[in-house]
Amino acid sequence: MLAGLIRYGIRDDRVLEAMRRVPRHRFIPDTYRNAGAYGDHPSPIGYGQTISQPYIVAYMIEKLDVHPGSRVLEIGTGCGYQAAVLAAMGAEVYSVERIPALSRFARTALDDCRYESVRLRTDDGYAGWPEEAPFDRILAACCPPEVPPALADQLAVGGRMVLPVGTDLQRLVVVSRGRGSLERRDDLWVRFVPMVSGPPRQAEENDEETS
Ligand code: SAH
């Protein structure tokens with residue numbers, strides 16, 4: 001997997017080292033593991049959701065520029081893999097997921113891999129995590145139509161946010177907060193699941209009906 005990431009242009013040794021250390025297969029539920037955990041493709045994780053392909057995880061974290069001790073807010077915990085990579089880089093990770101069963105799965109996988117320090121919350125990520133704000137870095141693994149205002153508010157001065165934005169056409173956006181002002185740069189075209197507002201419907205808690 002690492003050779004592929006390097007070939008595609010990932011250069012940051014801290015990202016590559018963290019991705020070498022985190023056992024990706026431990027974050028893919030048994031039922032879906034036979035699709036392979038280390039190929040460069042997204043994998044299903046149940047509840048109609050997927051774990052992002054390794055390249056996009058590496059690319060986003062490289063863009064985010066995480067340092068040991070950075071306070072990082074992630075929206076869309078999913079199975080917890082990306083949160084584990086951030087924790088392996090020494091970040092203090094806060095991650096929000098709206099589907100309770102996924103958050104529970106992530107908790108178990110993170111604890112099994114000794115990333116107990118990652119904080120998880122089951123809630124609507126559009127609101128961020130106001131009690132723990134501000135954050136040095138914010139990352140979203142699901143796509144809102146616009147940059148959510150609460151997330152922009154919770155970004156520290158000097159902070160940076162990387163997230164997909166759009167509806168049909170989605171673009172990775174890098175938002176930086178200088179003193180007072182927000183600067184926005186458009187990056188790659190991407191494809192993520194939508195950032196959905198409101199609590200999950202019953203069917204979304206039921207694997208059979210949604211995946
Ligand atoms: N980072 C994950 C990828 C998760 S896929 C990983 O490493 O596996 C995106 C996740 O975003 C899904 O689990 C989906 O349920 C979640 N999501 C969608 N809308 C959300 C919202 N409003 N708040 C929090 N999570 C949301």
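In table form, for the structure just shown:
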{"item": "CD proxy at 222 nm, helix term only [per DSSP H run n ≥ 4: -39500 (n - 2.57); per residue of the chain; nearest 500]", "result": "-7500 deg cm²/dmol"}
{"item": "Fraction in percent of alpha-carbon pairs per bin - 5 Å, the chain", "result": "1, 8, 16, 21, 23, 18, 10, 4, 1, 0"}
{"item": "Computed over segment 72-211: relative contact order in percent, which uses C-alpha pairs under 8 Å that are six or more apart", "result": "21"}
{"item": "Relative contact order of segment 35-115, pairs being alpha-carbon contacts under 8 Å that are 6 or more residues apart, as %", "result": "24"}
{"item": "Segment 46-60 residues near the modelled residue 191 label - backbone nitrogen below 13 Å, point 7 Å along Cα→Cβ", "result": "53"}
{"item": "Span from the segment 164-196 Cα centroid across to the segment 124-154 one, whole angstrom", "result": "12"}
{"item": "Those residues of segment 72-87 whose amide nitrogen sits under 20 Å from the label point placed on residue 8, 7 Å along Cα→Cβ", "result": "75-87"}
{"item": "Total charge dipole magnitude, segment 2-190, about the Cα centre, Cβ charges on Lys, Arg, Asp, Glu only, Debye to nearest 20", "result": "360"}
{"item": "Nearest-0.05 FRET efficiency for residue 121 and residue 1, computed from C-beta distance (R0 30 Å)", "result": "0.55"}
{"item": "Karplus-derived HN-Hα couplings along segment 178-190 (A = 6.51, B = -1.76, C = 1.60, θ = phi - 60°), whole Hz, x at Gly and Pro", "result": "x, 5, x, 9, 10, 10, 10, 10, 7, 10, 4, 6, 9"}
{"item": "Efficiency of FRET between residue 101 and residue 179 - r from beta-carbon atoms, R0 45 angstrom, step 0.05", "result": "0.60"}
{"item": "Backbone HN-Hα couplings from phi across segment 3-10 [Karplus 6.51/-1.76/1.60, Hz, Gly and Pro as x]", "result": "4, x, 5, 5, 4, 7, x, 6"}
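Quick note: the coordinates plus some simple rules give every number you see, no bench work behind them. Given the structure is predicted, the values throughout are model-derived calculations rather than measurements. So basically every Cβ, Gly included, is an ideal-geometry build from the backbone, and we count neighbours across all protein chains shown.
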